[in-house]
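Participant: My structure is below; once you've seen it, I'll send some questions.
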Amino acid sequence: MLKSGANPEVCLPAEPAPAPRRIEDRFRQLLEAAPDAILEVAADGSITLANAAAEAMFGYTRAELSGQSIEILVPHDQRSVHARYRAGYAENPKVRPMGPGLELQAQRKDGSLIPVEISLSPNSSGHAGNVIAIVRDVSQRTRMEMMLRRSEARLRQAEKLEALGRLAGGIAHEFNNLLSMVLGYSELLFPQVPEDSRHYVEKISVSARRAAALTRQMLAFGRRQILEPRVLDLNTLVIESCRIASRLLGDNVETVVLPALEPAWIRADPAQIDQIMANLASNAHAAMPEGGKLTVAVSMAEIDDNNSALYANLAPGRYAVLSVSDTGSGMAPEVQARLFEPFFTTREFGQTLGMGLASMYGMVAQNGGNVSVHSERDAGTTFQIYLPSVLPEKELAPAAVEQQGAEDFRGTETILLVEDQAPLLELSREFLERLGYRVLTASLPEKAIEISHELGGKIDMLLTDVLMPGMNGRELAHRLRKQRPEIKVLYVSGFVDRAFENSGGPGPEEAFMEKPYSLHELARKIREML
């Protein structure tokens, strides 16, 4: 009996210990909720326990796994070795945590292999010799790592291409200056040479133009070429190019041309399409030394959101597709992986630089398209060139200009000529003065600005190179226009400087000519602008 005023002591019953059944239920819940496969393996290697994740991972039911040797989950060629490793582990069992280490594989019921990581731990619950194995499927992580490695490889390749493109562009710029002088002086020399010897001068000009075509190929590889695109029917271009390509291929190669049933309008530089066809024909010729068949087809493709996954790096839209197939030796996968890599070739040393397909890829990309390749050993190769389709314009090409000599483009205006190459500056000055122009010359942009400030009269045109020391041609034009807003500008260059490229090209009252050019072309362009 409690005394009055005393606080009663309340005795709470102790929490009952969980029943064994409840512990087992909790264990089962944890086991089944685990995302990794969990297996218990007896000392003799037989499987005594498997969770739901193990069923999903390996494709076996628990009933099928129960009592089976753990080696059923090991690749066939590794089972005997695994059995020895298992016996060694049983003699000295210890915890082996999971983590990246050996590249392990497990075998599913259907025979397929999956990359895995495995954690091992001796069972301390009284089953002597039993081992708990936790197996994690790392297929997704492996795929991600592979994709990352490929992305890094593509990035390195892109950086290599960019560096080589810069080098190619710089060389082409200097080389085009030299070719401009060869062509220019040949043109000045031609009328002064006796008629029976003029064919020598013509051969010099032809050789210089062939060299100019090579520099354009280098610029296309570096994607630094100024294009002169026009709206053209790819069918017409391909038919004409195949006539030339058939001569390159020889009599032992049959050439079949299959144009599209409708006009395949594209906007491109026809010279680049010719170069693409020449590169593909050369590649096919090398693949068919004993002869064969070359099939060139043009078709149309519509890419939308439903099928865009089939066409890598192409935006939805309508495309003209140029397919070039040969019956040659085909290519191994490792060759295809490096196909567009500059200087890579499977031909003997000295036969080719290995720039053809790399430059072709650059040309296609420059025109907003893409290239796909399908090839099998001894089954031939098919290149597919995708070029954006456009609507035809009212005037597909400018009217043919009546053949005129340079003397027919005379003028009396004042031209400020800016060129940092002294021989080319002198050649251009002499030619323009022969045509009647008043020519002011400057070897540096700063000197040109000084001449403009000192001259009181009108300057009708600025004729300037784009790439010069200290200040590029576009900046020079901008400075002069502050003082002379009416001045017209003709840019010339064998290499597109970044400042000019990023500015979006020539503006109003401006034009561009790519080096090397003939003096006749220069005279006509000046007369058109003035």
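Values quoted throughout were computed directly from the atomic coordinates according to the rules given, and no laboratory measurement underlies them. Keep in mind it's a predicted model, so treat the numbers as computed, not measured. So basically every Cβ, Gly included, is an ideal-geometry build from the backbone, and we count neighbours across all protein chains shown.
Participant: Taking 30 Å as R0, compute the FRET efficiency from the Cβ-Cβ separation of Ala163 and Arg141 and round it to 0.05. Write down the numbers at each step before the final one.
Facilitator: Details: r = 33 Å, r/R0 = 1.09.
After rounding to 0.05, the efficiency reads 0.35.
Participant: May I ask which of Lys203/Lys515; Lys203/Lys293; Lys458/Lys525 have a Cα-Cα span longer than 24 Å here? Let's see the in-between values first.
Facilitator: Numbers: Lys203/Lys515 19 Å; Lys203/Lys293 34 Å; Lys458/Lys525 20 Å.
Long pairs (Cα-Cα over 24 Å): Lys203/Lys293.
Participant: Tell me, what ³J(HN,Hα) does each residue in the stretch 187-203 have, in order and in whole Hz, if you take phi through Karplus 6.51 cos²θ - 1.76 cosθ + 1.60 with θ = phi - 60° and put x for Gly and Pro?
Facilitator: Taking θ as phi minus 60°, the curve returns 5, 5, 6, 3, x, 8, 8, x, 4, 6, 10, 5, 5, 5, 5, 4, 5 Hz for the stretch 187-203.
Participant: What shape does the stretch 31-137 take by its C-alpha gyration tensor, where a ≥ b ≥ c are the square roots of the eigenvalues and a/c under 1.5 counts as rounded, a/b above b/c as prolate, and the rest as oblate? Please report the intermediate quantities before stating the final value.
Facilitator: Working: a/c = 1.30, a/b = 1.15, b/c = 1.13.
Rounded, because the longest to shortest axis ratio a/c is under 1.5.
Participant: If you stretched the chain out fully between Tyr85 and Leu530, how much longer would it get, using 0.36 nm times the residue separation minus the C-alpha to C-alpha distance? Let's see the in-between values first.
Facilitator: Working: separation 445, 0.36 × 445 = 160.20 nm, distance 8.86 nm.
My answer for the length gained is 151.3 nm.
Participant: Another one. Given the peptides 325-336, 76-87, arrange them by the average over their residues of other C-beta atoms within 10 Å, most packed first.
Facilitator: Working: 325-336: 17.0, 76-87: 12.4.
Order by mean packing, descending: 325-336, 76-87.
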